[in-house]
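Working notes, beginning with the structure itself.
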Amino acid sequence: MANKALATRQKMQFRVTPSKPRNPYAALAKNRSAGPHVKSQSAQRQAAKVALKKADPEKPEE
């Protein structure tokens, strides 16, 4: 490398301004997993397993 000045030059950057302002509440709602208040699949599966054991405690686990 004969010319070290070329390696340290700043790269050209383009800035694009958004066409309209964004809704700050939309990003917050998306990040905190807003949605219906439902138990997760694993919680439902675990509850079903416990209910099955309560219904028939004599049956051994497979």
#### Entry: Among (1) at pLDDT below 85; (2) surrounded by 10 or more Cβ atoms within 10 Å (Cβ to Cβ) - the single one ALA47 does not satisfy
(1)
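This table checks each residue for (1) surrounded by 10 or more Cβ atoms within 10 Å (Cβ to Cβ); (2) modelled with pLDDT of 80 or more; (3) in a loop (DSSP other than H, G, I, E, B); (4) hydrophobic (A, V, I, L, M, F, W, C).
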| position | (1), (2), (3), (4) |
| --- | --- |
| LEU6 | no, no, yes, yes |
| GLN13 | no, yes, yes, no |
| THR17 | no, yes, yes, no |
| LYS53 | yes, yes, no, no |
| GLU61 | no, no, yes, no |
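The values are calculated or read from the model by the stated rules, or taken from the named source; none is laboratory data. Computed from a predicted structure; not experimentally measured. Cβ sites come from the backbone with ideal geometry, for glycine too, and all protein chains shown count toward neighbours.
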